[in-house]
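Everything below concerns the one structure shown next.
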Amino acid sequence: MNDLTPRLPAQRPLLWSDDILDLQERLWDVSRADPLYLVGGAVRDALLHRPILDLDFATPGDAVLLARRVANALDGDVFVMDAERGVARVIYQSAAGRRWMDFTRFRGRDLLADLQARDFTINALCVDFRGDMSLLIDPLGGEQDVLNKRVRLCAPHALVDDPLRTLRAVRQSVQLGFRLLPEVVTGIRQAASGLANVSRERLRDEFFKLLELDKADAGLRVLQALHLMEHILPEVAQLPSYAPTAPYVFDGWQHTLYAVDRLIAILTAVSPRRTDQTAASFDLGMLVIQLDRYRRPLNAHISQIWANERPHQALLVLATLLHRAALAPDHNAQTSTSAAVAEHAADELRLSNAEKKRLAQIVSAFQTIYTLPKYDLLASHRFWFSLGEAGIDALLVGMAHILAMYGSHLPQDLWLDRVDLAIHLLSDYFDRHAQVVNPTPLVDGVYLMQALGLRSGPQVGQLLSAIREAQVLGEVTSAEEAIRYARAALGDR
């Protein structure tokens, strides 16, 4: 223990992709005198033979200066994350796509102190980036923990030192399929209250990493069980949990978890990761058959990226997590507080204004797919005109809500009817956008006021909306017909 001698891994070799080996060669002469170690998740994933996305480097010298030199060598961009602690990020374009590299000054007097100050032993593995990358440096026994699939602390005080690590422990255990050792679970419970002192931005970023997971519902279940959720989203943590009163009705918390599970299943079913087994069930099978014609635009929509590289899928999971908290007690009627619940959560998580707006739109409109009796052209126009592309999200979350509400007791006729409605709505958006969603205006407000002798005010907007809806229904097709329609509407009023 505490041996820093590089050695071959005990059971399986470190597997590095060609682009990382190419990176090592490209950086060979950049500040060659500065020791440089690749540490943490990249080394762990190389040992697990998992894809490696981001790289973390540690150096005893000036990490910010080194990051600038690396950025220059790679024609990339550098961002100083923490000048005082010596942390900088380099973003560059590799053959495998955009890559992130974080450079950090040692968190102690030497490499051993740096590794001992990290969170978990599986993240305290490293290799000498200036030397032989097939050799592992593992003073804390992290390799054995990787092989045994367990999460162990580097030091007893690791979670107290940084309470955000409580979320990271849950996320990585779910992501890797590792178990939390009893002392880690105990430490999480003891350090949970310290989340109140963690910046909301750091908490948001770690929480969104969990929401990205294919098993986000499992991670959320653990967060709730360990009393972490109350420090992230109190409105979700307070959802009722009780025995269901009917065989197909879940309590608020179980319904939410199942809705998250079903949402991820729906997203997977339309994604490039879909397999023959993905849609083997009746509910997903019927949905996939019908949605297949819109698979490409749906994937383009779902793959959007928000501020600071936050994926759209995580925002959809967040909306699903909040949707039950925004329902009235009868779980059917929407309440005027739906948007307020979403907006408050967005503010607490320091989301961008665009994310905040989208979240509120989804939570306010997801029930449309359940409450709309049947397809109606005017209802479809109003739905899409008010929501735009947020309507796609509302439909996805709404379908997940239906599946969660009924569980294994899902009535086939009801599901087929709702799938058919969703396809009609999506057809309007993708195939008839200019006719149904947002037709070209026949007249504008100025023209309308001049033709009818009106003053500026709410009445003009109401008439323009009425004309637009009549246009969707095919009742008006020209500016002249629009004016006659507006004049008749004024007479009726």
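Where a number appears in this text, it was derived from the coordinates with a stated rule and is not lab data. Quantities reported herein were computed from a predicted structural model and do not represent experimental measurements. We place every Cβ from the backbone using ideal geometry, glycine too, and count neighbours over all the protein chains shown.
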Taking 0.36 nm per intervening residue step and subtracting the Cα-Cα distance, what contour gain separates residue 480 from residue 10 on full extension?
-> 160.9 nm
Please give the calculated 222 nm ellipticity per residue for the chain, where each DSSP H segment of at least 4 residues contributes -39500 (n - 2.57) and the sum is spread over every residue; nearest 500 deg cm²/dmol?
-> -15500 deg cm²/dmol
Could you tell me which of 227, 38, 385 has its Cα farthest along the dipole of the chain towards the positive end, charges placed at Cβ (Lys, Arg +1; Asp, Glu -1), taken about the Cα centre?
-> 227
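So what is the relative contact order of the range 381-493, in percent, for Cα pairs below 8 Å that sit 6 or more residues apart?
Reported as a whole number, the value is 24 percent.
Can you tell me the dipole magnitude for the range 233-436 around its Cα centre, using point charges on the Cβ only (Lys, Arg +1; Asp, Glu -1), in Debye to the nearest 20?
It comes to approximately 380 debye.
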Average Cα contact separation per residue, the range 1-148, under 8 Å, 6 or more apart, as relative contact order % | 31
Bridge orientation stat for the chain from DSSP, antiparallel percent rounded to 5, came to 75
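Dipole of the chain, Cα-centred, from +1 at each Lys and Arg C-beta and -1 at each Asp and Glu C-beta, to the nearest 20 debye?
That gives the chain a dipole magnitude of about 240 debye.
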Enumerate the lysines that residue 149 could reach by cross-link, defined here as Cα to Cα under 22 Å, with residues fewer than 8 away along the same chain left out.
-> 209, 215
With a cut-off of at most 16 other beta carbons within 10 Å, and DSSP calling the residue loop, which chymotrypsin sites (Phe, Trp or Tyr not before Pro) in the range 361-455 qualify? Please list them.
-> 375
The helix 252-269 Cα axis meets the longest alpha-carbon principal axis of the chain at an angle in degrees, between 0 and 90 and rounded to 10, of 90
Listed residues 451, 252, 49: farthest to the positive end of the dipole of the chain (Cβ charges) = 252
Short version: ³J(HN,Hα) in whole Hz for each residue of the range 9-22, in order, from phi by Karplus 6.51 cos²θ - 1.76 cosθ + 1.60 (θ = phi - 60°), x for Gly and Pro, what are they?
-> x, 6, 10, 9, x, 6, 10, 10, 6, 4, 5, 6, 5, 5
Under 5 Å, built H, 5+ apart or other chain: amide partners of residue 15 = 47, 49
So if we plug the beta-carbon distance of residue 91 and residue 197 into 1/(1 + (r/R0)^6) with R0 = 25 Å, what FRET efficiency do we get, rounded to 0.05?
-> 0.25
HN-Hα J couplings of the range 469-478 from phi, Karplus 6.51/-1.76/1.60, θ = phi - 60°, integer Hz, Gly and Pro as x?
-> 5, 5, 5, 4, 7, x, 7, 9, 9, 9
Among 338, 325, 299, the residue whose Cα sits farthest towards the positive end of the charge dipole of the range 233-436 (+1 at Cβ of Lys and Arg, -1 at Cβ of Asp and Glu, taken about the Cα centre) is 299
Which angle between 0 and 90 degrees, to the nearest 10, do you get for helix 200-211 versus the longest principal axis of the chain when only C-alpha atoms count?
-> 80
In whole Hz, what ³J(HN,Hα) sequence does the range 68-79 give by Karplus (6.51, -1.76, 1.60; θ = phi - 60°), x for Gly and Pro?
-> 4, 5, 5, 4, 5, 5, 9, 6, x, 10, 10, 10
So what is the relative contact order for the chain, in percent, with contacts set as C-alpha pairs under 8 Å and at least six apart?
-> 9
Please give the helix 412-430 orientation as an angle from the longest Cα principal axis of the chain, in degrees from 0 to 90, rounded to the nearest 10.
-> 90
Local charge sum around residue 6 (other residues, Cβ-Cβ under 14 Å, Lys/Arg +1, Asp/Glu -1)?
-> -3
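Please give the FRET efficiency for residue 465 paired with residue 75, using the beta carbon to beta carbon distance and R0 = 56 Å, rounded to the nearest 0.05. Kindly include the intermediate steps, with their values, before the conclusion.
Values: r = 51 Å, r/R0 = 0.92.
With R0 = 56 Å, the Cβ-Cβ based efficiency is 0.65.
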Based on the alpha-carbon gyration tensor of the range 1-148 and its eigenvalue square roots a ≥ b ≥ c, which shape applies: rounded if a/c is under 1.5, prolate if not and a/b is larger than b/c, or oblate?
-> oblate
Please list, in chain and number order, the residues 5+ apart from residue 136 or on another chain whose amide H is under 5 Å from its amide H, with Hs placed from the backbone.
-> 7, 8
